[in-house]
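Engineer: What follows is a structure written as structure tokens; I'll ask about it next.
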Amino acid sequence: MPILILLSLLALAGCNSEAPAPVETGPRSTWGVIQEDIFAARCVGCHAAGTSFANQSALVLTGDAAYAQLVGAAPDNASAAGDGLLRVSPAAGLPGLLKSYLWEKINAPDQAHFYGDHPQYGALMPLGGNPLTNGELAFIRAWIEAGAPETGQVADPALLADDSYYERPPFAPLPEPEDGLQLHLGPFDVPPYFEREFFSMVSFDSGEDRFIDRFEISMQSGSHHFLIYTFRDDTPAERLPASSEVRELRDADGNYVFDTVRTMLFHVPIVGSQWPFFDFSFPPGVAMRLPAGSRLDLNSHYINRTGETTTGEVYANLHFANSSEVVHEAQIFGLSNVDFTLPAGKVTTLTEEYQFRERRHIMQLMSHAHEHMLEFRVEIAGGARDGELVYVSYDWEHPPILEFDPPLVLERGEGFKVEATYDNWTDRDLGFGFLSEDEMMILYGFYYTE
């Protein structure tokens, strides 16, 4: 019987009137290698037709569309377009390279220039993962400098043998902002096999409100997070800490200091990051108000899983805007699920939905979870785009910081569906907690209203 089936299939194939398309057997073009070996593996997961990421950037990188949407095409990013960049310039040589938005977005070794000189260009790509290898960058650079042709071989495939990645240089203090405020914690010790988290309050003594249009954070390695909070207007006087007092979240024996925990109930977040270096600028005309007399509570969390004492240190710069140029006041939200249980020895998915009471322009999203997190997904909830995926993370230590340019607009009554999956490999149930071995489920975002 199997032989008869095989013969039948062969007969049917022979009756097909259409001859198969010829297959190219020669060496692939440089563009073909870039599309098939680099973009397909590292970029198409987000930049495929119909995805929120492709819609937001107006860029599809699948084989049927990528070349036409890249070479000679204007970027959707208004700032890059205003600077005269094309997604990929066909001008060739160094001028072509320097006028290619793609190169700005993937050139990880030059990220200080990217964030410092072009804060409105969004985030480096690929988002939330390793940068392209040094070999892949060299290969793409050679292609752009050759005029970005669709056919022919213009880059040496041997370049791709270099599978090393750019490594960030050692921690260094941030230069003080020309007009702004610099904050500094440390250096401080982190004991062996310990997670140290503490707070220290700094008073902002300006005689007038100021507006922040850019944040920079630089952290010594080993940091889980750094956050800056202010306090709610209804904070009791006895809950306001003294300036520069170091308030530990846990004592040397690992017990929580409940006086510190009680003060946390009155916190209002301003900004935070889990990345060793963070540089974010609001779009033109948008800034966050810092009222005169604000108390800024600096929160640092370091994890030391070695047998030796390690050192932590953090710098943060708040850059001030010209108040006359501020059209929209930026705000931050934190959507947090604190009431959950992750059963021992099981993989569990949690889902929460959040609705907004006013129209919001979302400029940035970032997740926060701990070591058991496998996946963190965010979809639009409600409206015509209900169910559309707008954010995903697989890395609890360095979650993607996703910027929206133009902002993602959610109408009144719409919001986010947050879905997070955890693997509790331990023999005890887990819940919300402050240690990395506990769990969290938080979505942060910058936004402004009408």
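Laboratory data are not the source of any read-out in this text; all were calculated from the coordinates shown. Worth saying up front: this structure is predicted, and the values here are computed from it rather than measured. Cβ: placed from backbone, ideal geometry, glycine included. Neighbour counts: every protein chain shown.
Engineer: Give the cross-link partners of K346 among the lysines, using a straight C-alpha distance below 23 Å as the criterion and excluding same-chain residues fewer than 8 apart.
Structural biologist: Candidates past the 8-residue exclusion: K417.
Engineer: What does the helix-only formula give at 222 nm for the chain: each DSSP H stretch with n ≥ 4 adding -39500 (n - 2.57), the total divided by the residues, and the result rounded to the nearest 500 deg cm²/dmol?
Structural biologist: -4000 deg cm²/dmol, from helical runs alone.
Engineer: Roughly how many Å is it from the Cα centre of the stretch 339-358 to that of the stretch 259-274, as a whole number?
Structural biologist: 22 Å
Engineer: List every residue whose amide H lies under 5 Å from the amide H of V390, counting only residues 5 or more places away in sequence or on a different chain, with H placed 1.01 Å from N in the peptide plane.
Structural biologist: Amide H neighbours of V390: V378, E379, I380.
Engineer: Calculate the radius of gyration of the Cα atoms of the stretch 180-322 to one decimal place, then report Dmax, the largest Cα-Cα distance, as a whole number, both in Å.
Structural biologist: 15.6, 49
Engineer: Round to the nearest 10 and give me the degree value, 0 to 90, for the angle of helix 2-15's Cα axis relative to the longest principal axis of the chain.
Structural biologist: In the chain, helix 2-15 runs at an angle near 70 degrees to the longest axis.
Engineer: Taking Cα centroids, how far is the stretch 228-252 from the stretch 128-181 in Å?
Structural biologist: If we compute the Cα centre of each part, the gap is 43 Å.
Engineer: Also, I was wondering about something else. For the stretch 205-310, which GluC sites (Glu not before Pro) pass both filters: DSSP loop (anything but H, G, I, E, B) and at most 16 other C-beta atoms within 10 Å? Numbers along the way, then the final one.
Structural biologist: Numbers: sites: E208, E216, E238, E245, E248, E308; in loops: E208, E245, E308.
Counting only loop positions with at most 16 other Cβ atoms within 10 Å, the GluC sites (Glu not before Pro) in the stretch 205-310 are E208, E245, E308.
Engineer: In addition: Place +1 on the Cβ of every Lys and Arg and -1 on the Cβ of every Asp and Glu in the chain, take the dipole about the Cα centre, and give the residue among N317, Q220, I144 whose Cα lies farthest towards its positive end.
Structural biologist: The one lying farthest along the dipole's positive direction is I144.
Engineer: For K105, which aspartates and glutamates qualify as cross-link partners when the Cα separation must be under 18 Å and same-chain residues fewer than eight apart are set aside?
Structural biologist: Counting by Cα, and skipping residues close in sequence, K105 has these aspartates and glutamates nearby: D76, D83, D117, E136, E145, E167, D279, E403, D405.
Engineer: Take the alpha carbon atoms of the stretch 393-410, find their center, do the same for the stretch 36-74, and report the distance between the two centers in whole angstrom.
Structural biologist: For the stretch 393-410 versus the stretch 36-74, the Cα centre distance is 18 Å.
Engineer: Taking amide H positions as placed in the peptide plane 1.01 Å from N, state which residues far from V257 in sequence (5 or more) or on other chains have amide H under 5 Å from it.
Structural biologist: R250, D251
Engineer: Oh, and also: So which trypsin sites (Lys or Arg not before Pro) in the stretch 337-382 end up in coil per DSSP with only 10 or fewer other C-beta atoms within 10 Å? Can you show the working numbers first?
Structural biologist: Working: sites: K346, R357, R359, R360, R377; in loops: R357, R359.
When the trypsin sites (Lys or Arg not before Pro) of the stretch 337-382 are filtered for loop state and at most 10 Cβ neighbours within 10 Å, R357 remain.
Engineer: Answer with a single label: of [x] 21, 51, 23, 4, 0; [y] 20, 35, 33, 11, 0; [z] 17, 27, 25, 22, 8, 1, 0, which was calculated as P(r) over Cα pairs in 20 Å bins from 0, in percent from the structure in view?
Structural biologist: Here P(r) over Cα pairs in 20 Å bins from 0, in percent agrees with entry [x].
Engineer: Follow-up. So who's got an amide H within less than 5 Å of the one on F231, skipping anything under 5 residues away but keeping other chains? H placed 1.01 Å off N, in plane.
Structural biologist: So F231 has HN proximity to V268, R295.
Engineer: Moving on. Give the angle, between 0 and 90 degrees and rounded to the nearest 10, that separates the Cα long axis of helix 134-145 from the longest principal axis of the Cα atoms of the chain.
Structural biologist: Here the helix axis deviates by roughly 60 degrees.
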